[in-house]
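Taken together, the values in this text are just the output of simple stated rules run on the coordinates, not laboratory data. This structure is a prediction, so every number in the text was calculated from the model and none was measured. Here the Cβ positions follow ideal geometry from the backbone for every residue, glycine too, while neighbour counts run over all protein chains shown.
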Amino acid sequence: MNELFLKLKIINALAGIVLKGKNVGDFILGKSVRIFERALAEYAGSKYAFGVASGTDALILSLKACGIGPGDEVIVPAVGFYSSAGAVSWVNAKPVFVDVSPKDHNIDVLKIEKAISPKTKAIIIVHLNGRMADMDEILRIAEKRSLKVIVDASHAIGSRYREKPIGNFGDLICLSLNPTKTLGGCGDGGVILANDEALAQKISRLRIYGASRWIEVYWNNAIVGTASRLGTLEAAVLNEKLPYLDSFINRQRENYFIYKEILGNIKDLEWPEEYQDYFINGYRLPILTKRRDDLINYLSNKGEKLYNMYPVPLPYLPVFKNLGYKEGDFKVAEKIAGECKNYIVRICFPMSSVINDIPYKMSVLV
Ligand SMILES: Cc1ncc(COP(=O)(O)O)c(C=O)c1O
């Protein structure tokens with residue numbers, strides 16, 4: 001895909017909305033949002049998709065739709081972005097952290113059951129760095145203990161588990177569509193995927209003042225809702241990008257494996273293992289090494305940057321201090337926070353369809 005061509009298509013789509021739009025319905029939950037929701041649901045293998053204002057709102061609304069609130073506990077992995085745990089506190093429930101597994105940096109499935117109490121209502125799963133979690137086992141535990149599974153798939157659009165895409169796994173599946181993501185727009189945005197009709201109906205009301213449609217917002221507010229929609233202009237950008245997503249992911253994956261091959265020559269590096277059941281989208285390559293500074297220097301001399309994405313395990317963030325966790329409670333999360341640097345395989349650039357150029361990488365790294 002020619003990047004300039006894509007940008008012109010985006011500008012053309014945006015101009016069409018600005019020039020033709022007359023009524024509120026052309027701008028809020030407009031046609032481009034409906035088109036995007038249908039296309040994304042199909043791509044991700046879910047029945048429904050609802051565009052919301054951000055990935056964080058997707059999580060908050062999902063917790064609300066599952067009826068989670070004060071007095072409830074929700075299990076959350078100890079490594080990840082703030083929002084996966086912050087959303088739980090935002091609805092006045094309590095996040096209960098579980099350590100992650102060294103094999104994939106996702107929640108350690110073997111430690112989930114121990115963390116379940118009579119107050120537990122749900123498990124939040126994060127497909128970290130684009131590698132899906134072991135969903136068969138997680139869904140088995142959730143079913144046995146009657147828990148909802150809310151998935152934060154913000155890193156994992158296009159990834160698959162046992163050949164099925166993200167929309168197949170979990171009660172509600174949340175994605176951020178901000179510009180740092182594999183499918184990102186020109187600003188904030190998020191989406192919730194659902195398969196259950198009752199949950200879908202709740203989500204559709206939660207995002208629009210508790211009413212089911214725009215024309216009912218003045219008289220048919222059936223539940224307590226908020227205003228959280230994917231913008232119509234944002235959806236128009238995403239609609240232009242979606243048809244190229246698979247070819248974009250293919251290149252992202254190529255880069256991921258090329259980095260691994262090249263860095264494989266350096267001793268003392270560790271990264272998640274590859275398994276046949278998991279098709280990764282190549283969003284990020286997390287690298288663990290005790291010689292982190294050496295690696296950073298080595299790569300920065302070649303014009304490459306590494307990022308420490310999660311330098312503090314989530315339970316130790318200042319905002320969660322009151323939960324009483326202490327050093328040593330999450331050994332793998334601590335190791336990852338201490339040693340991990342993420343190789344961001346794509347350039348995070350709004351509207352860009354360009355990812356790091358492979359021949360260029362080869363020449364600077366080898
Ligand atoms: C895994 C994960 N979940 C949630 C979010 C929050 O998404 P947003 O910035 O769209 O609110 C992010 C943000 O980057 C993220 O990486």
Which loop-located GluC sites (Glu not before Pro) does the stretch 202-251 contain, where loop means any DSSP state but H, G, I, E or B and the Cβ has at most 10 other Cβ atoms within 10 Å?
none
Expressed as a rounded percentage, what relative contact order does the stretch 3-243 have, with Cα pairs under 8 Å and six or more residues apart?
25
Return the whole-Å distance between the Cα centroid of the stretch 153-231 and the Cα centroid of the stretch 261-287.
30
Among K148/K202; K47/K121; K31/K241; K94/K144; K9/K181, which pairs are too far apart, with a Cα-Cα distance over 18 Å?
K47/K121; K94/K144; K9/K181
Which of F81, F27 comes first, and how do the rest follow, when ranked by fewest Cβ neighbours within 10 Å?
F27, F81
Could you list S146, S204 in order of exposure, starting from the residue whose Cβ has the fewest other Cβ atoms within 10 Å?
S146, S204
How large is the dipole of the chain about the Cα centre if only Lys and Arg carry +1 and Asp and Glu carry -1, each at its Cβ, rounded to the nearest 20 debye?
620
In the neighbourhood of N301 defined by beta carbon distances under 14 Å, the net charge of the other residues (Lys, Arg +1; Asp, Glu -1) is -1
Using square roots of five times the C-alpha gyration tensor eigenvalues, list the equivalent-ellipsoid semi-axes of the chain in whole Å, biggest first.
32, 28, 16
What's the ranking of 3-16, 302-315 by average number of surrounding C-beta atoms within 10 Å, highest first?
302-315, 3-16
By count of other Cβ within 10 Å, fewest leading, how are V98, V319 ordered?
V319, V98
With unit charges on the beta carbon (Lys/Arg positive, Asp/Glu negative), name the residue among I266, L317, S62 whose Cα is farthest towards the positive pole of the charge dipole of the chain.
S62
Once every DSSP H run of n ≥ 4 in the chain is given -39500 (n - 2.57) and the sum is divided by its residues, what mean residue ellipticity at 222 nm do you get, rounded to the nearest 500 deg cm²/dmol?
-11000 deg cm²/dmol
